[in-house]
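The values are calculated or read from the model by the stated rules, or taken from the named source; none is laboratory data. As the structure is a prediction and not an experimental result, all values here were calculated from the model. Don't worry about glycine lacking a Cβ; one is built from the backbone with ideal geometry, like all the others, and counts go over all protein chains shown.
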Amino acid sequence: MLRNRNLSEIETLNDNIDFAANLQAVRSEIADAAQAANRDPASVTLVAVGKAHPAERSRAVLDAGQRVFGENRVQEAEGKWPALKEAFPDTQLHLIGPLQTNKVRQAMALFDVIETIDRPKLAMAIAREMDRSGRRPDCLIQINTGNENQKAGVAPEDADAFIRQCVEELELPVCGLMCIPPVDDEPSLHFALLREIARRHNLPWLSMGMSADYQVAIAFGATHVRVGTAIFGTRPPR
Ligand SMILES: *Cc1c(COP(=O)(O)O)cnc(C)c1O
């Protein structure tokens with residue numbers, strides 16, 4: 001009964017969420033999607049996105065065995081994660097929201113992966129902080145595949161030059177690319193574009209796919225899917 005529940009069914013469970021069951025359901029759908037694409041399920045990392053939910057929920061998901069998490073705000077993550085990381089030291093925390101240069105130091109002290117590098121000023125601040133602190137979180141470059149004004153990410157036409165700058169000039173440990181497709185578009189076009197840009201630069205990681213489209217993303221080669229609602233339920237208002 002865990003399988004194939006749709007999002008609205010999961011949302012109705014919000015008052016009494018069975019995090020272990022949600023996690024199990026998402027994991028088994030990841031495995032199915034990977035097998036359908038002739039991929040090893042272990043090649044897809046589930047990033048559980050607990051943003052806007054209280055810390056107890058992340059703890060419940062940790063208790064259910066999940067160890068890779070995403071947060072989109074530095075300040076919120078600082079309130080939640082130091083204690084959780086102390087309790088579960090093998091946790092990997094990904095920053096998946098926009099990063100301001102004045103928060104780079106805090107972000108790099110807490111996060112293990114920065115997924116949202118998208119402009120030279122930020123890339124330079126991260127490179128400086130790496131030199132200063134000696135900490136080198138894995139880096140992903142966010143591509144604004146839909147060229148949306150309101151969305152973060154480097155424009156696709158600027159991606160090649162920016163990736164080269166990050167890798168060659170700033171020597172950031174760039175592992176791959178990340179995107180958030182426009183809500184009303186067919187996501188597969190965006191996943192295919194991200195995959196193509198990554199291929200040109202030999203970048204192995206593709207962070208793409210959320211609750212509504214992670215199976216599609218896996219068909220297009222996602223190595224990291226960022227799933228919030230399907231695990232944590234509907235986000236409470238901020
Ligand atoms: C919130 C968020 C997610 C998770 O979204 P769901 O639709 O709840 O799975 C994934 N990626 C990013 C960048 C997010 O901000």
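The table for this structure:
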read-out	value
Segment 210-230: number of residues that are within 8 Å of the ligand (Cβ to nearest atom), touching a Leu at 6+ places or on another chain (Cβ under 8 Å) and in a loop (DSSP other than H, G, I, E, B)	2
Selection status of R238, more than 13 Å from the ligand (Cβ to nearest atom) and either farther than 23 Å from L110 by Cα or in a loop (DSSP other than H, G, I, E, B) (or both)	no
Those helices (runs of 4 or more DSSP H) lying entirely in segment 57-155 with at least 1 residues closer than 25 Å to H190 by Cβ and either more than 16 Å from the ligand (Cβ to nearest atom) or in contact (Cβ under 8 Å) with a residue 12 or more places away in the chain (or both)	120-133
Members of segment 176-193 found to be more than 14 Å from the ligand (Cβ to nearest atom) and over 16 Å from the mean Cα position of the chain (by Cα), listed by number	D184, D185, E186, S188, L189, A192, L193
Inter-residue pairs, beta-carbon under 6 Å, first touching a residue at least 24 places away in the same chain (Cβ under 8 Å) and under 22 Å from R39 (Cα atoms) and in segment 217-238, second within 9 Å of the ligand (Cβ to nearest atom) and assigned to a helix (DSSP H, G or I), 6+ apart	V225/Y214; V227/Y214
Some residue of segment 32-44 being in contact with a strand residue (DSSP E or B) (Cβ under 8 Å, 6 or more places away or on another chain) and within 21 Å of L99 (Cβ to Cβ)	no
Residue count for segment 223-238, restricted to those that are more than 15 Å from A48 (Cβ to Cβ) and under 15 Å from the mean Cα position of the chain (by Cα)	1
Single residue of segment 196-209 satisfying the filter (surrounded by fewer than 23 Cβ atoms within 10 Å (Cβ to Cβ) and free of Cβ contacts under 8 Å to residues at least 24 places away in the same chain) that is farthest from the ligand (Cβ to nearest atom)	N202
In segment 1-39, residue modelled with the lowest pLDDT [restricted to those that are farther than 19 Å from L62 by Cα and of a type in the set (K, R)]	R3
Answer from G50, G134, G97, G79 - the residue that is closer than 25 Å to A33 by Cα and modelled with pLDDT of 95 or more	G50
